[in-house]
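A short write-up of the structure that comes next.
The values are calculated or read from the model by the stated rules, or taken from the named source; none is laboratory data. From a predicted model like this one, the values you see are computed outputs, not experimental measurements. Methodologically, a virtual Cβ is constructed for each residue, glycine included, from the backbone with ideal geometry; neighbour enumeration extends over all protein chains shown. In case anyone asks, the SASA skips ligands and DNA or RNA and just uses the protein heavy atoms, side chains included. Shrake-Rupley method; radii C 1.70, N 1.55, O 1.52, S 1.80 Å.
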Amino acid sequence: MCQTSGEAMAVTNGNAAVLFRQSGGVCVISINNPPVNTLAKQVRLAIAELISLSQSDPAIKAIVICGAGRNFCGGADIREFNTPDRQVRPMTRHLMNIVEDCEKPVVAAIHGPTLGGGLELALGCHYRIVDADAQLGLPEVHRGVVPGAGGTQRLPRLVGFRKGLEMITSGTPVDAATALEIGLVDKVVRDVDLVEAAISYATKLIEQRTPTRRTSGIAIDVTPSEGEAIVVEIRASLEKSARGMQAPFRCLESVANTLTMSFEDGWAREAEISEVAVASDESRSLVHAFFAERQTSKIPDIPADITRREIEKVAILGAGTMGGGIAMSFANAGMNVTVIEASQENLDSGLARIEANYDATRKRGRLSDDAMVARKSCIQGAVGMDAIADADLVIEAVFEEMDVKKQVFYELDRQAKSGRDSGHKHLTLDVDAIAAVTQRPEDVLGMHFFSPANVMTLLEIVRARKTSPDIIATVLDLSRKLGKTGVVVGVCDGFVGNRMLAPYFRQADFLVEEGALPQDVDRVIEAFGFRMGPFRVYDLAGLDISWAIEKRRAETRPSDERFSPLLERICDQGRYGQKTNAGWYAYEDGRTARPDPLIEAMLTDRSAEMGINRRDISDTEILQRCVYALINEGAKILEEDLAIRSSDVDVIWLHGYGFPRWRGGPMFYADTVGLAEVVTTLDRFHAEWGDKWAPTALLRDLAEAGSSFKEWDKTRG
């Protein structure tokens, strides 16, 4: 790796994973493992060797550890998880002790995002200098694990018990200024060479004969009883915010051990807790979600280097709630957008709504005055279709009726620039039929934003039969610029997300006809991990909207298909959900859902009308009927080639519908349960309730082969 020669040590090959150079009495160890300098096996081995060699060389008095490229260190290499390389000594957690045990001062020079094992490496150093733009944190909880390289033992000793516990259980990073304030770093530098600043800092340590300062030797800043009170407080908060998850509570346990255990004992217990967490379904699910999100941009038939179209000017037809939210999404990304309405009155109303939304965000402290002014300046208003003439992308967000959509696109075709994109915001309508009214269907695609569009992170990119590949690639890139996760899907009723939502809601309706109550169904689904159950979602979205979609679908629904009339009956009473203070629930304060005896009476009447003796329905049946309906419909979508991968379906449900991330998505959850078990249950439901429950051929084939959706994805590219 390196060699000693008198008072100097030679720089290793520039292509090595770790580089070394000497500046006076200070040696610099530089991690050179792009793109993010993870602690892969070869990096760990090299750092340990260089620390040992430096310690034995009398010419070296102090050590600086830094990172080449865009950051200090990206932490553990996630690609090594569940592989033999992860176990090669020194493992990450042993490396931090090797660094800390060095008898010569070790200074971390930190820049860029320094998270997880990267920060744990810095915690193992004796001193820390940070660039002003760095971010530091331990986000392992978001991968279902605990900081397993001493982070739960060192961070609370360095920054204080409460702050360390909050950072670790939330996974929230801090900026450089905050890091200095809480004692996480010793110095912040700006507009200077970070490594040279670290060398100067280390040189002063040598001159002043400053001893090493080991974080593991710092005493916790609270008494055990004071710390236990903090633990109780944070546990109560986690029971609300992390319902159903295990990782936050494992983090809590490991940090709490600093109150009663020595560093060595707490470090050993951290390893045991970490081992259990890494092997958990929760961790596997979160790792799956991490990679699934990165896979969505890979479209098998579209080359990565295809030429994209330039999108500089954007026009949005419609200034309603959705149109305004879409406009805000572009403005938030610093892009200029023109909102177009048919009348000045409608335009003024839409722009006022946008301004009110920004002002509300500012008042909540989530937006500065300057940022609000900058974003609002990106949004212009106009009356009439003439304003689309110079737009590179036109998005219509008008009323959800096919005849209206077709007329709008007919006008777009006449007035929009040639060779420019036409996007269509929609819930369920046929993009192919809309594209067919134009002379350039290759320029038309669907952009299914989720409401509120300026908040929700999912964008379904609907690829019509004739949509040009370069437009798909362009909009995928655009989705990232807007801070959204774009997923390419095909054309069908409801596209992927809403099509799967239909049987999920249908089963919820049937369950309350048979004996469950809305609050029973919602309780089970929320215990599973959804933030809201189906009936609370109904009320939040507006039952009138759901009923409008059902009426349109009724026109093509088979006459023998079971259908619940409950939604229509509730709407007939003017109960549209939260906006009318009554829907499936009553809302005395407009927000808090309370069971309503009127609804219970309606359900009893409906059961009697159907000749059903209402029964107690187990939580297991409620969960399986709702979630397995999702899984089976997702498998149908894959069979019909309307999604590229099962992981794409998972991403849609994670980002658009609140499926618990720590369960990986509906298709990955099916893998976790076991496809054979899912098929057995579906067969039982099929025998009892009919054809809608018949397992899809894909699902049955995979189950019989002992395979999984994850394995199937590998055949898809």
P(r) of region 284-348 over all Cα-Cα pairs, binned every 10 Å from zero, in whole percent: 17, 28, 28, 20, 7, 0
Cross-link table Lys313/Lys484; Lys240/Lys363; Lys163/Lys204; Lys240/Lys376; Lys481/Lys551; Lys41/Lys163, entries beyond 27 Å C-alpha to C-alpha: Lys163/Lys204; Lys240/Lys376; Lys481/Lys551; Lys41/Lys163
Alpha carbon Rg of the chain, scaled by the compact-globule rule 2.2 N^0.38 Å: 1.08
Computed [θ] at 222 nm, helices only, for the chain once each DSSP H run of length n ≥ 4 contributes -39500 (n - 2.57): -15000 deg cm²/dmol
Backbone N within region 246-267 under 17 Å of label point (7 Å from Ser225 Cα along the Cβ vector): 259-260
Full-extension gain in nm, Gln42 to Thr620, via 0.36 nm per residue minus C-alpha separation: 203.3 nm
Cα extents of region 14-153 along the three principal axes, largest first (Å): 44, 35, 32
Accessible-area order (highest first, 1.4 angstrom probe) of the listed residues Lys579, Lys163, Lys240: Lys240, Lys579, Lys163
Percent RCO, i.e. relative contact order, over the chain, from Cα pairs under 8 Å lying at least 6 residues apart: 9 percent
For region 209-263, alpha-carbon Rg and Dmax in angstrom: 14.5, 51
Spherically averaged projected area of region 229-336 from its Cα convex hull (nm²): 12.9 nm²
Candidate aspartates and glutamates - alpha carbon under 14 Å from Lys692, same-chain residues fewer than 8 apart omitted: Asp560, Glu561, Glu633, Asp683
Estimated translational D of region 613-717 in µm²/s (Stokes, Kirkwood radius over Cα pairs; 4 °C; 1.567 mPa s): 92 µm²/s
Ser707-Ile612 pseudo-label distance in nm [points 7 Å out on the Cα-to-Cβ vector]: 3.7 nm
Rough spin-label spacing in nm, given labels placed 7 Å along Cα→Cβ, for Asp101 and Ile78: 3.1 nm
Estimated distance in nm for a label pair at Glu310 and Leu540, the labels positioned 7 Å out from Cα along Cα-to-Cβ: 4.1 nm
Solvent-accessible area per residue for the chain (1.4 angstrom probe, square angstrom): 42 Å²
Protection-proxy order for peptides 629-635, 690-696, 600-606, 139-145, each taking the mean of Cβ atoms within 10 Å per residue, highest first: 629-635, 139-145, 690-696, 600-606
Exposure of Trp267 as accessible area (Å², to 10), given a probe of 1.4 Å and all protein chains: 50 Å²
Gain in span if fully extended, Gln208 to Lys714, counting 0.36 nm per residue against the direct Cα distance: 176.3 nm
Whole-percent carbon and sulfur share, accessible surface of the chain, 1.4 Å: 49 percent
Extension gain, Val232 back to Ala132 (0.36 nm per residue minus Cα-Cα distance, nm): 32.5 nm
Relative contact order (%) - region 612-697, alpha-carbon pairs under 8 angstrom, separation at least six: 24 percent
Probe 1.4 Å - accessible area at Val455, Å² to nearest ten: 100 Å²
Counting DSSP beta bridges with both ends in the chain, the antiparallel % (nearest 5): 30 percent
At R0 = 30 Å, FRET efficiency that the Cβ-Cβ distance of Asn346 and Arg531 yields, to 0.05: 0.35
Solvent accessible area, Å² - Thr172, 1.4 Å probe, full protein context: 80 Å²
By accessible area with a 1.4 Å probe, ligands and nucleic acids excluded, highest first: order of Arg70, Arg569: Arg70, Arg569
Rg over Rh [alpha-carbon atoms, Kirkwood Rh] for region 536-682: 1.00
Mean separation of Cα contacts under 8 Å (6+ apart) over length of region 438-549, as relative contact order %: 16 percent
Candidate residues Val278, Val462: accessible-area rank, largest first, probe 1.4 Å: Val278, Val462
Rg and Dmax [Cα atoms of region 61-126; Å; Rg one decimal, Dmax integer]: 12.3, 39
Region 598-637 - Rg and Dmax from Cα coordinates, angstrom: 14.0, 38
Radius, Kirkwood style, for region 130-287 when every pair of distinct Cα atoms is counted (Å): 16.8 Å
Peptide ranges 659-668, 218-227, 52-61 listed from the most packed, as the mean C-beta count within 10 angstrom indicates: 659-668, 52-61, 218-227
Whether region 40-98 is rounded, prolate or oblate, judged on the alpha carbon gyration tensor where a/c under 1.5 counts as rounded: oblate
Volume of the Cα convex hull of region 332-382, divided per residue and given in Å³: 60 Å³
Proximal charge balance of Ala268 [Cβ under 13 Å; K/R count +1, D/E count -1]: -3
